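The block underneath contains the structure these notes are about, expressed in structure tokens.
The numbers here are math on the coordinates, done by the rules we state, and not lab data. None of these values were measured; they are calculated from a predicted model. Methodologically, a virtual Cβ is constructed for each residue, glycine included, from the backbone with ideal geometry; neighbour enumeration extends over all protein chains shown.
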């Protein structure tokens with residue numbers, strides 16, 4: 001966690017234990033977590049934290065490109081460490097989300113057909129290899 005202090009200071013983010021904890025949770029194994037999942041994990045360490053505070057922290061992280069919000073399911077947002085635009089694979093059976101390292105020629109472009117690209121999210125849906133083996 002001490003490694004994060006300079007990152008936060010460089011981006012003019014006030015360092016708080018709650019912010020450090022949210023970032024550590026996202027960073028652990030580069031998980032894709034819902035707000036509720038993050039909230040329940042942070043609450044273990046900080047029982048008085050509110051859901052609104054977790055939302056505020058995530059908004060702050062998104063603004064400073066420390067975290068990304070990914071819409072994989074229509075009604076849910078997932079959050080992950082911002083490691084740049086990349087594809088995802090969502091297993092419809094177990095609900096696990098995986099990062100994919102696929103090349104997409106349009107992903108690196110700043111413009112596509114005259115449109116300015118500001119973000120990119122691509123997702124494949126199916127059954128993961130672990131669920132296929134069951």
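The table below lists the values:
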item: Order of 125, 23 under a 10 Å beta carbon neighbour criterion, fewest first; result: 125, 23
item: Global form of the stretch 87-132, assessed from the alpha-carbon gyration tensor, a/c cut-off 1.5; result: prolate
item: Burial ordering of 123, 91, fewest other beta-carbon atoms within 10 Å first; result: 123, 91
item: Structure-derived Cα extents along the principal axes in Å: which label, when the choices are (1) 44, 42, 27; (2) 46, 35, 20; (3) 57, 34, 27; result: (1)
item: Antiparallel bridges, percent of DSSP beta bridges restricted to the chain (to nearest 5); result: 70 percent
item: Cα gyration tensor, the stretch 4-81 - rounded (a/c under 1.5), prolate or oblate; result: oblate
item: The stretch 84-100 versus the stretch 1-30: alpha-carbon centroid distance in Å; result: 24 Å
item: Bridge type composition, the stretch 87-132 - antiparallel percent by DSSP, nearest 5; result: 55 percent
